Amino acid sequence: MSATNTIPASLTDGGQGLLDSVSPTLTLQDDRAPNIIYHVPEQSHSQKSYSTGNSATTSGTDVLIVDWDGPDDPHNPKNWSDRRKWAAIIIMSLFTFISSVSSSMISPAAGQVGSAFGINNDVVLALTASIFVLAYAIGPLVLGPLSEIYGRSRVMQLANLWYLAWTIGCGFAQSESQLLAFRFLAGVGGSSPLSIGGGFVGDCWVPEERGKAVAIFSLAPLLGPVIGPITGAWIAQYSTWRWVFWSTSIVDAAIHIVGVFSLQETYAPVLLERKAEQMRRSMDAEKAPHREIRTVFEGQDRSWRTFMAQSLGRPFALFAHEPIVQLLGVYMAYLYGLLYLFLATIPSIFEGVYQQSVGIAGLHYIALGVGLTAACQINASTMDKIYVYFKTKNGRVAKPEFRLPAMVPGSLLLPIGCLIVGWTTEAQTHWIVPDIGIALVGAGIILSFQCIQTYIVDCFTLHAASALAAVSFLRSLAGFGFPLFAPTMYNALGFGKGDTILAVVAIVIGCPAPWILWYYGEQVRNGSRYAR
């Protein structure tokens, strides 16, 4: 016979998922507390079984399954106070912000770097900035799954120490090859918040409250590259390029110290494993009624090799088999690529066409920041309301597709902004008009970016870090590659035709995406191995 255990959704929504030895049966009663019945496999015909509420045991096998102490267990991150949840997200956002600042802060100082190391090739100069973003493609594939093995907080802090060490090293680089190598290694560590941060959100918030948290968190990786060149331009003008790295290192060290004391673990399987370990240590080995204690997220095969192989292979499996990850990954890659293309292009517009100084030209990044921040604030205040509205309209049955409406205006604002920037620059109209176009580009990027990220977290909550790692791989490759071809494209076509091409591609890729997922997303999720 088999033993059963009923487990609340507040646990399963933030966890690792069971291995093959435990099979789930899902029955949704409401969004916050679905019932999931886990069947412990039958071992022999003579075994007796019974349910124990928060643990399941089977005589003969003597297995105790460790769970939360009911749906209101205060140790479950979903039951934390709002203050405690927001503290975790704010710290994660700061880690993400300083890392993304580093990705672009060196751009205004590229001329100084070229003079110091005798670099005359524009592509190589652009590479000193974009190679950091290339590392963003590699790091999450390892760091995201590791956070699903060892926990979010531990992996996040160790990765940040790696980033800090190599960023300091960049300031001491003595050659072009050293600078490129140190930048890449720093980017590997700096990539951790991009995949782990979404996992923090999924761990702490139920779907009805998750939109605002994702909206605010997702602003950091987009606003950081905007702030970076503004500060980098003034540092380059009044100091040396080495202080670009040392200044970010000082800020990151301060953030890390705060994180050591404030960033608490949120990943349910790790928290329950700690609980299980305490039970093992406190249990008398001779009188113990159970020979094995494991959490609801563990199968019978608990070997390190099996666990690592499953976790590290998950991002690749998601990308290979999940149409949602493939479709949204391509569009997010294009959004991220456009962001870094405009970051690389703004100096050539306002220094080259409008003949402004380095410091003044750098101020035009504020236009991009205004668009990103304004759209983020609007979306943060409305995303959860829209989600609840459609859920109520759908008979109180929630769907991840209810995150998508804001993608519609986002997918339209982006190409409109591209056309305004390109043709007004070509006509050399007053500088405020290209700035308006740049702000619209920023608004379009952040609206779609936030919807995609929240949709992925809602779909793959159990494996949010791995899903975001798969998406981050594509988008980081685009962020690396777009700035490299931008100078050649604009030299050959001009700003008007070049940005028109970008606008057309944005329409072709972006506009159909929300409609396809709105009508067919549920059907795709029903056939998924990983989507909830």
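The values are calculated or read from the model by the stated rules, or taken from the named source; none is laboratory data. As the structure is a prediction and not an experimental result, all values here were calculated from the model. Here the Cβ positions follow ideal geometry from the backbone for every residue, glycine too, while neighbour counts run over all protein chains shown. Heads up: the accessible areas ignore ligands, DNA and RNA and are worked out on the full protein's heavy atoms, side chains in. Shrake-Rupley method; radii C 1.70, N 1.55, O 1.52, S 1.80 Å.
Key figures
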item: Nearest-20 debye value, segment 72-144 charge dipole, Cβ charges on Lys, Arg, Asp, Glu; result: 140 debye
item: Long pairs among Lys275/Lys385; Lys78/Lys385; Lys275/Lys391; Lys212/Lys275; Lys78/Lys399, criterion Cα-Cα beyond 29 Å; result: Lys275/Lys385; Lys275/Lys391; Lys212/Lys275
item: Furthest towards positive pole of dipole, Ile346, Ala361, Tyr334, structure part segment 334-420, Cβ charges; result: Tyr334
item: Percent of Cα-Cα distances greater than 16 Å, calculated over segment 412-466; result: 52 percent
item: Residue-span extension gain [Tyr354 to Met283] - 0.36 nm each, minus C-alpha spacing; result: 18.1 nm
item: Relative counts (whole %) of C-alpha pair distances in segment 124-272, using bins that are 5 Å wide; result: 2, 9, 16, 21, 21, 14, 9, 5, 3, 1, 0
item: About the Cα centre, charge dipole magnitude for segment 382-532 (Lys/Arg +1, Asp/Glu -1 at Cβ), debye; result: 700 debye
item: Viscosity 0.692 mPa s, 37 °C: Kirkwood-radius Stokes-Einstein D of segment 112-163 over Cα pairs, µm²/s; result: 250 µm²/s
item: Assigned charges on the beta-carbon of Lys, Arg, Asp, Glu; segment 160-279 dipole about Cα centre (debye); result: 240 debye
item: Extension gain (nm, one decimal) between Glu522 and Ala165, 0.36 nm per residue minus Cα-Cα; result: 124.1 nm
item: Sequence ranges 479-489, 263-273, 354-364, ranked by mean other-Cβ count within 10 angstrom, highest first; result: 263-273, 479-489, 354-364
item: Heavy atoms of Trp423: accessible area, 1.4 Å probe, square angstrom to 10; result: 120 Å²
item: Shape box of segment 417-532 [Cα atoms, principal axes, largest first, Å]; result: 52, 27, 21
item: Under 10 Å, Cβ to Cβ, from Ala173 - net charge with Lys/Arg +1 and Asp/Glu -1; result: +1
item: Gain upon complete extension [Asn120, Asp62; 0.36 nm per residue less C-alpha separation]; result: 13.8 nm
item: Sorted peptide list for 394-402, 228-236, 96-104, criterion being average Cβ within 10 angstrom, highest first; result: 96-104, 228-236, 394-402
